[in-house]
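Okay, so here's the structure we're looking at.
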Amino acid sequence: MWQERILVMSKSEITISTLKKTKSTDVFIARAVKPCLFQTTLPMFRNKTFTVRRRFSDFLGLYEKLSEKHGPNGLIVPPPPEKSLLGMTKMKVGKEDSSSADFLERRRGALERYLQRVVNHPMLLQDPDVREFLEKEELPRAVGTQALSGAGFLKMLNKATDAVSKMTIKMNESDVWFEEKLQEVESADQQFRKLHALVESLVIHRKELSLSTASFAKSAAMLGSAEDNTALSRALSQLAEVEDKIEQLHQDQAANDTFSFAELIADFIRLLGAVRGTFDQRMKAWQRWQDAQTILQKKREMEAKLLWANKPDKLQLAKDEITEWEAKVTQYERDFERVSATVRKEVVRFEKEKTKNFKRQIIGYLESLLQSQQQVSLFPVRGLHPLITAMIFKALCAFQHNFTQVISICRVHTFPGRRSATGVKRVTIYRGFSPRSGTPGSSPRLGYLCRLSPPLSAPLSCLPTVEK
Amino acid sequence: LRSVSVDLNNDASLLIDIPDALCERDKVKFTVHTKTTLSSFQKPEFSVPRQHEDFIWLHDTLVETEDYAGLIIPPAPPKPDFESPREKMHKLGEGEATMTKEEYTKMKQELEAEYLAVFKKTVQVHEVFLQRLSSHPVLSKDRNFQIFLEYDQDLSVRRKNAKEMFGGFFKIMVKSADEVLISGIKEVDDFFEQEKTFLLDYYSKIKDSTAKAEKMTRSHKNIADDYIHISATLNSLCAEDSTPNKKNIEKLSDLFERLRKVEGRVASDQELKLTELLRYYMRDIQAAKDLLYRRARALVDYENSNKALDKARLKSKDVAQAEEHQRQCLQKFDKLSESAKKELTSFKGRRVVAFRKNLIEMAELEIKHAKNNVALLQGCVDLLKSN
C-alpha cells in the first residue's frame, strides 16, 4: 500500500524553487526573507502555483517539529543547512561582495533541496505542519530556533548521537543487516567529508587560476601595446582579450564547482547524518525495551520476595506493577520492531533516491563543465588564429632581406635524415621524446636533434605544415 | 604527436646538439656532440662532456672579448633548477600516510614528469645557446668556442678563478651605472633612439608577462593535482559501495583521472609555448640592452676623447696623441654602431618569427586539449545517461 502511494507522488511533482533573496526591512533584526515558489499538481493543495515568504528560522522550525514527531518512529527526517554566524553577520553588516553573494546562493540552494526532499517523502508530505509551511501566508516566528546557532545546532546533534552511540556498544544486534548498513553509512560519511574538502580546494585553485589569468591578460595587453611590430602587437592584444574571456570561464567554472558539486556533497553529508540519526532512534527504542525488561525482572523479583516475606497488601501492588510492566514490555518490543521495519524501509528508499539523485546531479555538473570547455575550444579559432596567419605574411615581407637564419627549437625523436636527390636534407620531426631504456634506477636520458631552417629566400617552404 | 617537415640548410658546416644528458643530484652533465666539415677542427665528429659552469664560462668570455662588443651575445643558459619538483617530492613524502597507495603512485608519477620536464627544458636551453653561437657568422669562429667544443678534458682549469669572479662582480656594478648612462645620453641616430626606448619599455613589460604566465601555469598544475585526489577518493567510495550507484561513481572517478591528464598537458604546453617563450626573449632583450650599453660607453669614450683633444689643443700639448686617440675612439664607435644596427634588426625579425610560431602552436594545442576535454565529458555524460 505504501508502494502505491510512492508511485502516485512521483507522478505529480512538487517543484520548489526559492527565488532571490531580499533583506527584510526589519530594523532590529535584518534577516534574509526568502520567497519560495511552489508548483504542484497534487489535488490536496488549493492552488497550482503559489508563493510564500519564509525566513530561515522558519525552515529550522519546520525541521524541529518534524524531527520531534517522526524521528522516534525511524523516519529519515531531512536536515536543513546550519545557521552560519559568520554568513549572517556579513549580511547584517550589509557587505555587498562576492563572498556574501556566494553565501546567499549556497544557502538558497541548500534550502531548496531540503524542502524538495521533505515533500518527496510520502509520509512527511501528509504532515499538516508541512502543508502549513507551504501554504500559510504568515507563519508565527519560530522561537525555539533562536537558540540554534550554527555551532550550537551541530553540537546538539552530535551530543545526541554520542549519547546513543555509547549505548550501541551494548546492543545485541539480532539482524546483521542493520550492522552492515550502519557500517556503510559511517564509512561513506568519512569519504564524503574527504571529497568535500578536496572539491573546496579545487574551487580555491580555480579561483586562483581565474585571477592569474586575468592579471596575465592585462600584462599581455601592455606587452602588445609596447610591441612595435604591428601585426604581432595586434596578435598580442587579441591574446589578451581571449585570456580575459577564458578568465570569465574559469570563474563560472569555479561557481559551478561550488554550487553543483561541493554543495551537493555537503548536503549529502548532512543527509547521511540524518540516516545515522534513525539508526540511533532504533537503538533508543531497543534500549527502552531492554530497560523495561530489566524493570519487569526487578518487579518479579520483588514479588517473589514479598511472597516469601508474606506481606499481602504490598503483594497486590507488586502484582499490579508487574502487569503494567508486562504490557509496557510488549508495547516497547512491538515499537522496536515497528521502528526497525520503518528504518529498513527508509534506508532502502534512501539508497534508491541516492542513486537517482547522484546520477542526475553529476550529469548536471558535467554538462556545465562541458559547456565551458566547448567555449574554450571555440575562442582561439575565432580570435587568435586568423590574425596570426595574417601576421605570417606581413612579417615575411618585412624581414625577407635581413634574415639569415632562424633557429627553431623542437623536441624530436632521433631520426636518421633521408637525403633527397637535390642534396637537401629533409628531416621529419615528431613532437615528443623517446626515453632510452636504461637500468631501473638510472637517470632519464633524452634524444634531441636540432635543425636549422633555411634563409628566407624560400619563404613559404620554411613555414611549418600545420595539421588542421 | 605532430610532424613538421623542414628543409635543412645546405651549409652543414657546423652542427651541434646535446643528444645526452645525465642528472646526478644537483649536477647536470651534458654531452655536447659536434659534427663539422671545417678544417679548423681536428676531427669531423666528436663529443665532449660539459657542465653548466662551462657554458657560463664560455658566455662570459665572449662578453668580455672587445671584438664582439658590437654583437648581441646570446644570453647564458640559466642554472638547472630542480628546487620546485624536489620540494614537492619532499611534501609528498610527508603526506604519504594520508593517501591511498594508488593516489600516492599517481602523485609520484606527476612529480617525476615534472622533474623530467625541468630536465628537458634545461637541456633545450643549453643546446639553443650553442646553436645560436654556431649559426652566428662571427661568433662561430671564436677560438674559445672551439675549445669548448673540442677540448676533451675537464675545462675547470680554464674557468673563473676567484680573481676573475671579482672582476665579474665589478662589471655588474658598472652595468647598473650604465643604465643611468644610457638613459642620459643624447642620441644622434634616430634608429638607436627608437631602439633604446623600445627595448627599455619592452623589457619591463615582458618581465611582468613572464611572471604572470608562470603563475597561470602553476594554477593549472594545482588543478590537475586536485583531480588526482578527487579521483582517488571517488575510487575509495566506489569500492565500499554496494548499491547500483557504484557504477556511477566508478565512471566519475575514471573521468576525473582522464581529465587530470589533459589538464596536466594544458599546463605543460602553456609553460613551454608561452612562459618559456617569454622567459627566453626576456633574456635575449637583456643581451640586446647590453649591446646598447656597450655602444653608449663607446660613445662616451669618444666624447671624452673629443674633450681631451680640445684641452690638448688649448694647451698645445700632446695634440698628435690626442688626435690619434680621438680617431681610434671614433672608429671603434662607428664600427660598433654599424654592427649593432645589423644585429638589432635581425634580432627583431627573429623575435617576431619565434613569437608567431610559438603562439600559433600554443593556440592550436589549447584548442586540441579543449576538444579532448569536451569528448571526455560528453562520453561520460552519455554513459551515465544510457545506464
Original post:
With charges only on Cβ, +1 for K and R and -1 for D and E, what is the dipole size of segment B:97-152 about its Cα centre, in debye, rounded to 20?
Top reply: 160 debye
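Excluding B:E103 itself, calculate the net charge of residues whose Cβ lies under 13 Å from the Cβ of B:E103, where each Lys or Arg counts +1 and each Asp or Glu counts -1.
On the way: positive: A:K194, B:K101, B:K106, B:K108, B:R260; negative: B:E96, B:E102, B:E110, B:D225, B:D226, B:E257.
Spelling it out: positives minus negatives among the neighbours equals -1.
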Original post:
Arranged by the count of other C-beta atoms within 10 angstrom, fewest first, what order do B:C380, B:C238 take?
Top reply: B:C238, B:C380
**OP:** Grab the beta carbon distance between B:D152 and B:T65, set R0 = 25 Å, and tell me the FRET efficiency rounded to 0.05.
**Re:** 0.60
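Please rank A:W325, A:W177, fewest neighbouring Cβ atoms within 10 Å first, as an exposure proxy. Please list the in-between numbers first.
Numbers: A:W325 20, A:W177 12.
Lowest to highest Cβ neighbour count: A:W177, A:W325.
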Original post:
If you place +1 on the Cβ of every Lys and Arg and -1 on the Cβ of every Asp and Glu, how big does the dipole about the Cα centre of segment A:206-356 come out, in debye to the nearest 20?
Top reply: 1180 debye
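Based on the Cβ-Cβ distance from A:I204 to B:S13, what FRET efficiency comes out when R0 is 41 Å, to the nearest 0.05? Write out the running numbers ahead of the final one.
Working: r = 56 Å, r/R0 = 1.36.
Step by step, r from the Cβ atoms, then E = 0.15.
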Original post:
Once you average over the residues of A:221-228, how many Cβ atoms of partner chains fall within 10 Å of each Cβ?
Top reply: 6
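Please give the net charge around B:D254, taking every other residue with its beta carbon less than 12 angstrom from that of B:D254, where Lys and Arg add +1 and Asp and Glu add -1. Before the final figure, lay out each step's value.
Values: positive: B:K247, B:K251, B:R258, B:R260, B:K261; negative: B:E250, B:E257.
That works out to +3.
Determine the dipole magnitude for segment B:34-89: charges of +1 sit on the beta-carbon of Lys and Arg, -1 on that of Asp and Glu, nothing else is charged, the reference point is the Cα centre, and the result goes in debye to the nearest 20.
The dipole magnitude comes to about 380 debye.
What is the gain in length, in nm to one decimal, between A:E180 and A:E301 on full extension, counting 0.36 nm per residue of separation less the C-alpha to C-alpha distance?
Values: separation 121, 0.36 × 121 = 43.56 nm, distance 3.76 nm.
Result for the pair: 39.8 nm of gain on full extension.
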Original post:
Could you state the number of Å between the C-alpha centres of segment A:340-368 and segment B:203-250?
Top reply: 26 Å
**OP:** Starting from the Cα gyration tensor of segment B:255-370, multiply each eigenvalue by 5, take the square root, and state the resulting semi-axes largest first in whole Å.
**Re:** 55, 12, 6
Subject >> Kirkwood hydrodynamic radius (C-alpha pairs) into Stokes-Einstein, segment A:219-340, 20 °C and 1.002 mPa s, D in µm²/s >> reply: 101 µm²/s
**OP:** Give me the distance in nm between label points sitting 7 Å out from Cα along the Cα-to-Cβ direction at B:Q328 and B:E193, one decimal.
**Re:** 3.2 nm
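Taken together, the values in this text are just the output of simple stated rules run on the coordinates, not laboratory data. It should be emphasised that the depicted structure is a prediction, and the values quoted were computed from it without experimental measurement. Glycine gets a Cβ as well: all are built from the backbone with ideal geometry, and neighbour counts include every protein chain shown.
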